[in-house]
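These notes concern the structure reproduced below.
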Number of protein chains: 2
Amino acid sequence: MNEAVRIAIDAMGGDHGPSVVVPGAALALRERPGTRFLLVGDEAQIAPLLAREPALSAASEVVHTTVAVRMDDKPSQALRSGRRTSSMWMAIDAVKTGRADCVVSAGNTGALMAMSKICLRTMAHVDRPAIAAMWPTVKGVSIVLDVGASIGADAQHLVDLGIMGAAMARIVRGIERPSVGLLNVGVEEIKGLEEIKAAGRMLRELALPSLDYRGFVEGDDLGRGTVDVVVTEGFTGNIALKTAEGTAVQIGRYLREVMSANLMSKVGYWFARGAFAALREKMDPRGVNGGVFLGLDGVVIKSHGGTDAVGYARAIGVGHEMVSHDLLARIRDQLALSQDSQSAAAAAAALPGTAAVSAP
Amino acid sequence: MNEAVRIAIDAMGGDHGPSVVVPGAALALRERPGTRFLLVGDEAQIAPLLAREPALSAASEVVHTTVAVRMDDKPSQALRSGRRTSSMWMAIDAVKTGRADCVVSAGNTGALMAMSKICLRTMAHVDRPAIAAMWPTVKGVSIVLDVGASIGADAQHLVDLGIMGAAMARIVRGIERPSVGLLNVGVEEIKGLEEIKAAGRMLRELALPSLDYRGFVEGDDLGRGTVDVVVTEGFTGNIALKTAEGTAVQIGRYLREVMSANLMSKVGYWFARGAFAALREKMDPRGVNGGVFLGLDGVVIKSHGGTDAVGYARAIGVGHEMVSHDLLARIRDQLALSQDSQSAAAAAAALPGTAAVSAP
């Protein structure tokens, strides 16, 4: 891909607004020279920050608006007060109108999803978008979706999540045919919800070239990296994600307590400080910052609201990768293939002769 | 309570059978002298182990059977091959017939739940039993339920889970009025499932003396110990539990990797070895071994299948506490109180005069 990737940035989003977003974009530009930015937000706040970053300044255009979605706005409030006028909406709209290839926002998730749905709309054949998270595992990184875009899912939606997650995993992991598992409460056939079992049968029958369906996985398979893509509906996915984050914080706190308990442990900490730095890096949530909204007619990246410039640059990097490897085209192709297979199977089943032949 | 607590033990349950169960019971007896044991299983395997533990031998009666439920039996298989004859069934049945006050098994969870339901039956007003886990938090221990007994829950079942969990938390934590939260995907009113919102309204209106309802909690509140009791249906609860376990294993593995990476970190480890021992103890799953089946007409404790004697003794300890603090009576009282409040409210609503008065 020779053309520059153009990224629209909701400069007012997140707990820290432009003070994190602008340095984050500057960092992302150093990592990926040639990237172009559309910084949407209050010019009075953005300009002084941009003045300190000449390279970014040269690669950016500022689109001015003083309207910003607040972190605690409900989606309906955000739409009422910020539709068409807020930095979040205008950044999304830049993707819609083709002025940018993707949008990055650290603003509130509910508002970003609601505005993205209305402005960009969902892809053909996709009912509801999903949020895909990058989940650190002992083997590297897996894709877990949906982590909170919508509650509940029928079998078809779970199949679509698998297809979309595999397209993303192929880009993130560079794997031709990522392995996919359905999150369930047991690996035995008897267990789990009906829709998950049905989705498993559908994925097995479809036998898509873009993914390798491996059956059910359980909660402890997430950190183990058993599969490249873990599929679940948004309620369970959100609770799993937050439970893992909470457990990591909890263990980090235990570790700090025991290491500062006495002189011996403090001496040990001093000697092993390099090891602890490595551990901190491994557990650094900034390394996997950037949730990807899948199923929309446009690439939308959600950064953690509380992240710093390093984390924000990582979210921009995720957007850059998704665009340069053409995430949307991959998803569209695979969803169409799945639709065709299903239509063909339905048509074959409707022909009495064929049905008789295929039922020995 | 002056009478000895009598514990029925499924001696054949778990990955290691009597070789863990018998030393575990011996350890539990040293911790709680006066406990009586009914060891159900193959006498040929139990007797030699018991011969090494004279104190346990004097406090035990062996009930012989050679039939054992396998760890990978499906519940239906276990019932077909082990109803009335297996060590698991016979240990449960000892509670039913009053020969024991509670039963402990490290056998397979599905079979144990199925046999317990059939043999002991559910309490009045309780549709389905639940499994309550003790969840280590930065503040101590919380009770989380249901972690996998049944999938899905209506509002009434969630309310009952809160009442049963609070009764257990009162015993485990020694708190008069434990705080209770409903696991959800957001604390805002707009979010979450209808049945969870309805359960929240019911718990608030009931205003029970036995629990302090605190609203919705999220996945990261589990490790934080935000509330004493976290209520969720079994699918999400099981995935949250296994996700947390998996995350702990994952971080433990990271920690071992970085501490053995070079000489400095190894020296650091040597100095801080006391701190790492303290950390291991904090993260030791044996410390919270013993899931409690709630909602049955009898106390059933599930030990982890792969635990050792220390962990098994802990599960026996949990059973002992539940019996000596009369868990079942507490649950029955509080469920009845909740039923009475709801009936009274329904009756009041049915009286036109009262309804008019209460609707301003």
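Worth a mention:
- For A:Ala198 and B:Ala198, the FRET efficiency from 1/(1 + (r/R0)^6), where r spans their Cβ atoms and R0 equals 30 Å, is about 0.65.
- Inter-copy label distances at A:Gly215 (7 Å, Cα→Cβ; nm, one decimal): 4.4
- Helix B:109-120 vs. chain B, principal-axis angle (Cα, 0 to 90°, nearest 10): 70 degrees
- When +1 charges are put on Lys and Arg Cβ atoms and -1 charges on Asp and Glu Cβ atoms, the dipole computed for chain A relative to its Cα centre reaches about 680 debye.
- 25 Å Cα-Cα threshold exceeded, pairs from A:Lys96/A:Lys302; A:Lys197/A:Lys302; A:Lys139/B:Lys74; A:Lys266/B:Lys242; A:Lys282/B:Lys266: A:Lys197/A:Lys302; A:Lys139/B:Lys74; A:Lys266/B:Lys242
- Here the dipole of region B:87-237 is about 460 debye; that uses its Cα centre as origin and unit charges on the Cβ of Lys and Arg (positive) and Asp and Glu (negative).
- Heavy-atom accessible area ranking, 1.4 Å probe, most first, across A:Thr226, B:Thr65: A:Thr226, B:Thr65
- Rounded to 10°, Cα long-axis angle of helix B:273-283 versus longest principal axis of chain B: 50 degrees
- Rg over Rh [alpha-carbon atoms, Kirkwood Rh] for region B:127-294: 1.07
- If you take the Cα centroid of region A:85-145 and the Cα centroid of region A:1-43, the two points sit 16 Å apart.
- Largest-first principal axis extents, alpha carbons of the protein assembly as shown, Å: 86, 71, 70
- Chain B: angle of helix B:194-206 to the longest principal axis, Cα-based, in degrees nearest 10: 80 degrees
- Across the identical copies, the label point of B:Asp284 (7 Å from Cα in the Cβ direction) is separated from its matches by 3.5 nm, in order from shortest.
- With its label point put 7 Å out from Cα toward Cβ, A:Ala198 sits 2.2 nm from the same residue's point in the other copies, in order from shortest.
- Partner chain coverage, peptide A:210-221 - average Cβ within 10 angstrom: 3
- Relative to the Cα centre, the charge distribution of the protein assembly as shown, modelled as +1 at Lys and Arg Cβ and -1 at Asp and Glu Cβ, gives a dipole magnitude of about 1160 debye.
- The mean sequence separation of alpha-carbon pairs under 8 Å and at least six residues apart, normalised by the residue count of chain A, gives a relative contact order of 21 percent.
- When the residues B:Glu61, B:Glu205, A:Glu194 are ordered by accessible surface, computed with a 1.4 Å probe over the protein chains alone, the sequence from largest down reads B:Glu205, A:Glu194, B:Glu61.
- Within the listed set B:Gly246, B:Gly319, B:Gly14, the Gaussian network model of chain B (springs between alpha-carbon atoms below 10 Å) gives the highest mean-square fluctuation for B:Gly246.
- Globularity index of chain A is 1.07 (Cα radius of gyration / 2.2 N^0.38 Å, N = number of residues).
- Label sites at A:Val310 and A:Ala44, each approximated as a point 7 angstrom past Cα along Cα to Cβ, lie 3.4 nm apart.
- Each of A:Arg52 and A:Ala207 was given a label point 7 Å from its Cα along the Cα-to-Cβ line. The distance between the two points is 5.9 nm.
- Listed peptides A:233-243, A:276-286 appear in the order A:233-243, A:276-286 once ranked by packing, highest mean of other Cβ atoms within 10 Å at the front.
- Once the C-beta distance of B:Gln156 and A:Asn262 is scaled by a Förster radius of 35 Å, the resulting FRET efficiency is 0.10 to the nearest 0.05.
- Label point 7 Å beyond Cα of B:Glu281 along Cβ direction - residues of region B:111-141 with amide nitrogen under 20 Å: B:135-141
The values are calculated or read from the model by the stated rules, or taken from the named source; none is laboratory data. Treat the numbers as computed from the prediction; the structure is a model and nothing was measured. Please note: Cβ atoms are built from the backbone with ideal geometry, for glycine as well, and neighbour counts cover all protein chains shown. Each accessible area value is taken on the protein alone, full model and side chains, heavy atoms only, with ligands, DNA and RNA left out. Shrake-Rupley method; radii C 1.70, N 1.55, O 1.52, S 1.80 Å.
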